[in-house]
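Step one of this worksheet: look at the structure below.
Here, each number is a calculation from the coordinates, and none is a lab measurement. Bear in mind that the values here come from a model prediction, so they are computed numbers and not experimental data. Every residue, glycine as well, gets a Cβ built from its backbone with ideal geometry; the counts of neighbours run over all protein chains shown.
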Amino acid sequence: MKSILRIKLKKGTLSRPIHPEKGLLPEIEVMGAELRKKIKERFGRSFHIREVDTGSCGACESEIIAATSPIYDIQRFGIDFVASPRHADALLVTGPVSKNMAAALRKTYEAMPEPKFVITLGDCAKGGGAFKGSYYVSGGVKEVLPVDFHILGCPPSPENIVKALLVFLGK
Amino acid sequence: MERKNEIYIDIEPGRFTEECLGLHKRLESPVMAYFAEDLRKESGVFRIYCVFLDRKAGRWEAVRTNIPGDDPKMPSLAKEMYSASLFEREMAEMFGIYFEGSPDSRRLVLHEEVWPEGYYPLRKDFAPPAPGLKTPVERSEYRFKRVEGEGIFEVPVGPVHAGIIGPGHFRFSAAGEPIINLETRLGFTHRGVEKMLEGMDARDAVSLTEKIAGDSAFAYSCAFCGGIEKIYDIRVPGKAKMIRALFLEMERMYNHANDIGGIATDVGFSFPNALASVIKEGLLALNGKLTGSRYLKGVNRIGGIAADISTEGKALLLKSLDTAQKDLGELREILHSSISFMDRVDNTGILKKKTAADLGITGLAARASGIRSDLRSVFDGDIYEACGFKPAMEEDGDVLARLDVRLNEFDASVWLIKKLTAMLGNLSGPPETETKWEPKEGFSIGCVEAWRGPLVIWVRTGKDGRIERCKIVDPSFRNWQGLCFSVIGDIIPDFPLCNKSFDLSYPGNDL
């Protein structure tokens, strides 16, 4: 227990910059401040996202999780990932929509309260990406749900996710 | 990686089971791959392969048989050897092969609700069903194993889970608190990868293999390139082999850091996870700086590696590794000195050695249950033996054992990378073989020890050099069953913890 406290106190909130040459990701701080402002204007205090994987390889999920890690920590700007679609303002969808997931995706969307948005993330989600034309994949998320915004990348880096969300909220 | 280490034994269908059981017993190997290919056009048959691993001799031994194309059936091997069961279910739905006496003939990834009967995607003459065509309602229900009795209730979970994670369905049967049965139904991320690979030029296929399971992107491209290189007799330069081995360890490290943090999170201990995710992010950023890709995509090419690691890159690598190792040391100290944490992980989710062996559990999960299984100590002796590599082992098979295997493997990876970097310093020359690409016919097995376990890719190319058939066996494929057995007797709230301690791949399993 003592060692835990010792390490915890020594570390503080953030241990070190990931990109030492750039300092502590100054652009994230700038974008974050703007993000917080936009969210306050449009969604009250916070913007809640429910993530659904419809057949992604998992790299997109890994980058979304990275965006919530202490390095980027996008929760502090008012963005949070929620466990239930009932609590969500937006649905964040990854993957090319495997036939097996189409119904679950639709049901998740239907469970969300209005107003609601659909954001797709990663190349697969837009038109199927590398899996386009497979017998088990439809043409991406837009075949199932109305899509409001797309985040490019295979996978998009955490920085680009933050950047793209800022663009979305500015729309 | 250059390997000439495959033996194929041709046998008539009637003696197939007997021969497989003999190999299974003699080599103490579970079924490592068991698959079919459609040769009806060429010779009117389906050819079946069942592959075992000979650890001592460092080679693959495959039993091969032909069954008639117009009436594809054969006796079930799963009846005698449980590790064959999932493979037979897969062949049944993908090729329409009937296994007589099979203990489980339910579909695996082509769900009854959305896929009609009689359409077998991996047959060469497959045409997709018309939209809206479905299995009749009376046969479209997936039959979960039912446990019945007073006070027994079922808890269905998924496919959409609460976290940011892949989709899968779990069905618990619980009597009071303890779980008495867990069944998984997966396939939700099925994309038809094996069919997509067919007809592709091998060089183009490398980038598709990187998109099958993102957290193992490098292992996938490595195993696939290895298979093709063997067919084409390409000698991969020693330097490229070492860089491949090095990045395999990098992939292992960021995933292990992720899981170590995840295990802490799943008992509600969030501080270690914060530290673990800093380690993971550091390693991903390092991958990005060294290769331009955080997930090591686009690094492997058939014949070698796209780019060398620069001298500055090596210095950065060594420095970053020291930091990561120091952080992991702290993490280990935190976890091992927290009594409440240890109480949750010790003796939870036990996978017994015998069960693991019967199910054909491989890789990390097998090593945590006391089964010696690591392809790094079987193949590529020129790299791993030269570095003095020894696989991490634990005996207890519980969450703590799987955690400790990860902690120890993380340290071993750091050590391996340091050795490899030193060895790389003495080598010059390009990391890629210049080859004139002439289409070549052949088949071969490519394999690596990915971070979850052995990844085996069998590939056959045709006269035009295009892929005729590619069978991928992800380590998660059999290990999901291990998870189902490990949670029996534990309470449902321990399930996420057990699940994370295996951390199996949805997309790798579903392909």
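Indicate the helices, whole DSSP H runs only, in chain B that combine a mean Kyte-Doolittle hydropathy of 0.0 or more with a Cα extent along their long axis of 20 angstrom or more.
Details: long enough: B:217-231 (22 Å, 0.98); B:238-265 (41 Å, -0.14); B:270-291 (31 Å, 0.59); B:311-337 (39 Å, -0.35); B:399-425 (39 Å, 0.61).
Helices meeting the criterion: B:217-231, B:270-291, B:399-425.
Put simply, the amide H of A:Gly140, placed in the peptide plane, has neighbours under 5 Å in A:Gly127, A:Gly128, leaving out anything fewer than 5 places away on its chain. Electrostatic tally near B:Gly508: other residues with Cβ closer than 10 Å to its Cβ, Lys and Arg +1, Asp and Glu -1, net -2. Ranked for footprinting exposure by Cβ neighbours inside 10 Å, fewest first, B:Cys222, B:Cys498 give B:Cys498, B:Cys222.
Tell me what the protein assembly as shown gives for mean residue ellipticity at 222 nm when only DSSP H runs of n ≥ 4 count, each as -39,500 (n - 2.57), the sum divided by the residue total, rounded to 500 deg cm²/dmol.
Values: 22 runs with 269 residues, N = 682.
-12500 deg cm²/dmol, from helical runs alone.
Quick check: the distance between the Cα centres of region A:79-157 and region B:98-132, to the nearest angstrom? Here the two parts' Cα centres lie 26 Å apart.
If you place +1 on the Cβ of every Lys and Arg and -1 on the Cβ of every Asp and Glu, how big does the dipole about the Cα centre of chain B come out, in debye to the nearest 20? Let's see the in-between values first.
Numbers: 67 positive and 76 negative charges, 214 e Å.
So the magnitude is around 1020 debye.
Using alpha carbons only, how many degrees (0 to 90, rounded to 10) separate the axis of helix A:26-43 from the longest principal axis of chain A? The angle comes out near 60 degrees.
By the gyration tensor of its Cα atoms, with a ≥ b ≥ c the square roots of the eigenvalues, what is the shape of chain A: rounded for a/c under 1.5, prolate for a/b over b/c, or oblate? Because a/c hits 1.5 or more and a/b exceeds b/c, chain A counts as prolate.
Rounding to the nearest 10 and keeping the result within 0 to 90°, find how far the Cα-based axis of helix A:158-170 lies from the longest principal axis of chain A. The answer is roughly 70 degrees. Can you check what the net charge comes to around B:Pro136, using other residues whose Cβ is under 10 Å from the Cβ of B:Pro136 (Lys, Arg +1; Asp, Glu -1)? Here the charged neighbours net out to -1.
Spin-label model, A:Ala83/A:Arg45: points 7 Å from Cα along the beta carbon direction are separated by 2.0 nm.
Measuring from a point 7 Å past the Cα of B:Asp125 along Cα-to-C-beta, which residues in region B:31-57 have an amide N at less than 14 Å? Label zone hits: B:38-46.
Once the Cβ-Cβ distance of B:Arg235 and B:Ala57 is raised to the sixth power relative to R0 = 22 Å, the FRET efficiency obtained is 0.50. The distance between label points at B:Thr323 and B:Ser428 comes to 3.3 nm (points 7 Å beyond Cα on the Cα→Cβ vector).
Using the Cβ-Cβ distance between A:Gln75 and B:Asp71 with R0 set to 45 Å, the FRET efficiency from 1/(1 + (r/R0)^6) comes to roughly 0.15. For a label point 7 Å from the Cα of B:Arg139 along Cα→C-beta, name the residues of region B:102-121 whose backbone N is under 16 Å from it. Residues B:105-108, B:110-121 qualify, since their backbone N sits under 16 Å from the label point.
Assign one of three labels to the protein assembly as shown, namely rounded, prolate or oblate, based on the Cα gyration tensor with a ≥ b ≥ c the square roots of its eigenvalues; rounded applies when a/c is under 1.5, prolate when it is not and a/b is larger than b/c, and oblate otherwise. Could you put the intermediate results ahead of the total?
Working: a/c = 1.37, a/b = 1.19, b/c = 1.15.
Taking the square roots of the gyration eigenvalues as a ≥ b ≥ c, the protein assembly as shown is rounded.
Under the classification rounded if a/c is under 1.5, otherwise prolate if a/b is larger than b/c and oblate if not, where does region B:193-510 fall, given a ≥ b ≥ c as square roots of the Cα gyration tensor eigenvalues? Verdict is oblate for region B:193-510. Here the spin labels are modelled as points 7 Å beyond Cα on the Cα-Cβ line, and at B:Glu395 and B:Lys4 they lie 4.3 nm apart.
3J(HN,Hα) along region B:359-370: 7, x, 5, 10, x, 3, 5, 5, 5, 6, 9, x Hz, from the Karplus curve 6.51 cos²θ - 1.76 cosθ + 1.60 with θ = phi - 60°, whole Hz, x for Gly and Pro. The antiparallel fraction among DSSP beta bridges confined to region B:6-142 stands at about 70%.
As a proxy for reagent exposure, ranking B:Leu328, B:Leu284, B:Leu39 by other Cβ atoms within 10 Å from fewest up yields B:Leu39, B:Leu328, B:Leu284.
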